[in-house]
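Down below is the structure, laid out as structure tokens.
The values are calculated or read from the model by the stated rules, or taken from the named source; none is laboratory data. Computed from a predicted structure; not experimentally measured. When we count neighbours, we look across all protein chains shown, and the Cβ atoms used for this are built from the backbone with ideal geometry, even at glycine. These accessible areas exclude ligands, DNA and RNA; they are computed on the full protein's heavy atoms, side chains included. Shrake-Rupley method; radii C 1.70, N 1.55, O 1.52, S 1.80 Å.
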Amino acid sequence: MTADARGALSDPVLSAREIAHGFGQRGVLAPDETFFARQVHGIRIARVGEDEPGVEADAVLSTMPGTSVGIGTADCVPLLA
């Protein structure tokens, strides 16, 4: 992993495949247009373009290229697909 000027981390494998991404760290701000859900343990999936930011959900899904989504992790493992 390498850090950009903002402090966000990037993975060389994703970068080599030209997949835009960034893994934030505490104190690193996400881009303004980033879609965040209010994360809860459950089964609901927030869909970018259908749901409002801040909706209660356990996952965030976007099928829109170029969309920035944000999730926080603690005891969960993020799944990027």
> Per q in 0.11, 0.24 1/Å, what log10 I(q)/I(0) does a Debye calculation on the alpha-carbon atoms of the chain return?
Replying inline: -0.30, -1.33
> Which whole-angstrom value gives the distance between the alpha carbon centres of the stretch 32-52 and the stretch 1-31?
Replying inline: 21
> Plugging the Kirkwood radius over Cα pairs into Stokes-Einstein for the stretch 22-64, at a temperature of 4 °C and a viscosity of 1.567 mPa s, what D comes out in µm²/s?
Replying inline: 115
>> With every protein chain kept in place and ligands, DNA and RNA left out, what is the accessible area per residue of the stretch 9-59? Probe 1.4 Å, answer in Å².
In response: 78
> Over the chain, what is the mean sequence separation of C-alpha contacts under 8 Å (at least six apart), divided by residue count, expressed as relative contact order in percent?
Replying inline: 22
> Which FRET efficiency value, to the nearest 0.05, is calculated for LEU14 and THR67 with the Förster distance at 22 angstrom and r the Cβ-Cβ distance?
Replying inline: 0.90
> How do 19-31, 56-68 rank on mean C-beta neighbours within 10 Å, highest first?
Replying inline: 56-68, 19-31
> Leaving out ligands, DNA and RNA, what percent of the accessible area of the chain is carbon and sulfur, probe 1.4 Å?
Replying inline: 56
